[in-house]
Amino acid sequence: MNDDYLWDGSGEPDPAVERLERVLFPLRSERPAPELPAVAGRRYFGGRLAALAAAAAFLIAVSGLWLTGRRPGASWEVTRLASTPMGGTVARVERLRVGEWLETGESSRARVKVGTIGQLEIEPRTRLRLVDAGAASHRLALDRGVLHARIWAPPGRFFVVTSSAVAVDLGCEYTLAVDETGAGLLQVSSGWVGFEQGGRESFVPRGAACAMRPGKGPGTPYYEDASEELTRALSEVDFGPAGARRDALRRMLATARRKDALSLWHLLARRDGEGRPAVYDQLAELVAPPAGVTREGVLAGDRRMLDRWWEALGLGAAGWWRRWLTHLPSAAS
């Protein structure tokens with residue numbers, strides 16, 4: 001490692017330092033450093049050694065705060081809501097601690113405060129477990145049922161783990177439903193949600209949905225105003241029998257609008273998908289590939305070309321959401 005990186009940010013950083021920076025990133029302060037008066041008197045350390053000691057002390061202190069936030073006693077506030085025979089609602093407040101389960105009955109619901117970063121509405125017949133309530137991130141495991149999440153923290157702070165995929169908020173509001181088998185559906189009403197399992201990624205914007213299946217991971221995201229024919233064919237492409245996928249892909253491509261380029265791009269980005277040349281041709285008709293993006297490069301899986309084409313769809317930069325999927329917890333953890 002180049003020592004200059006610790007002093008002024010120049011030079012090549014050490015991988016261990018980069019990892020520590022990623023861990024401490026959520027605790028950063030936007031306020032400028034205070035101006036301190038000069039201290040007269042004897043200097044016990046040379047300037048370089050003193051600065052290094054101060055930096056080390058700061059990292060230890062901040063790391064201690066981060067670890068404290070992950071203590072086993074961390075918890076969320078839960079308000080249980082139960083219907084009365086007269087049609088009213090009875091509320092009871094309790095705490096959900098790390099490792100504990102929350103389960104709602106046939107006619108009961110719950111409202112959960114996700115620390116200070118958001119709120120969940122839990123529907124009846126839902127079962128979930130609080131996995132982490134630390135300063136760096138909040139994570140729960142959804143076994144079955146329906147939750148509505150509204151998160152106002154910076155991206156990458158809230159995770160929902162299921163047996164089929166992991167949902168990471170990218171500044172969002174969404175609904176996630178999971179049945180007894182682990183199959184489910186994500187619907188995004190605001191912002192973005194990243195959906196991932198085993199390297200299979202889906203980036204779901206406002207107004208879009210994405211199905212998931214155990215052993216398959218997340219499917220291809222699609223806008224909820226897409227035609228019924230497209231969504232039915234897309235489900236067959238993602239989760240249907242292998243022998244039916246080619247015909248399903250043909251039907252899906254035949255009904256795709258310009259807006260459905262979101263779905264086509266995801267099919268093209270998955271190198272294990274069938275019929276990728278046909279997907280390329282249809283996407284190129286809907287949204288012309290930018291200069292420098294070639295058919296050969298895209299079909300070979302060139303990530304830079306795919307990212308440049310994504311940006312041409314008008315959905316924003318490609319890199320900002322991918323960074324939050326680097327250290328996702330595994331599904332069913």
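What to note about this one:
- Cα centroid of the range 250-319 to Cα centroid of the range 109-125, whole Å: 37
- Mean separation of Cα contacts under 8 Å (6+ apart) over length of the range 107-181, as relative contact order %: 26
- The relative contact order of the range 144-213, computed from alpha carbon pairs under 8 Å that lie at least 6 residues apart in sequence, is 28 percent.
- Global geometry of the range 153-288, whether rounded, prolate or oblate, following the gyration tensor of its Cα atoms and the 1.5 cut on a/c: prolate
- Ranked order, GLU201, GLU311 - accessible area, probe 1.4 Å, largest first: GLU311, GLU201
- For the range 139-282: relative contact order, % (alpha-carbon pairs under 8 angstrom, 6 or more apart): 15
- For the pair LEU286 and ASP302 in one chain, pulling the backbone fully straight at 0.36 nm per residue adds 3.7 nm over the alpha carbon distance.
- Sorting the segments 105-112, 186-193 by their mean number of nearby beta carbons within 10 angstrom, highest to lowest, gives 186-193, 105-112.
The values are calculated or read from the model by the stated rules, or taken from the named source; none is laboratory data. These figures come from a predicted structure and were not determined experimentally. As a convention, Cβ positions derive from the backbone with ideal geometry for all residues, glycine included, and neighbour counts pool all protein chains shown. Only protein heavy atoms, including side chains, enter the accessible area calculation; ligands, DNA and RNA are left aside. Shrake-Rupley method; radii C 1.70, N 1.55, O 1.52, S 1.80 Å.
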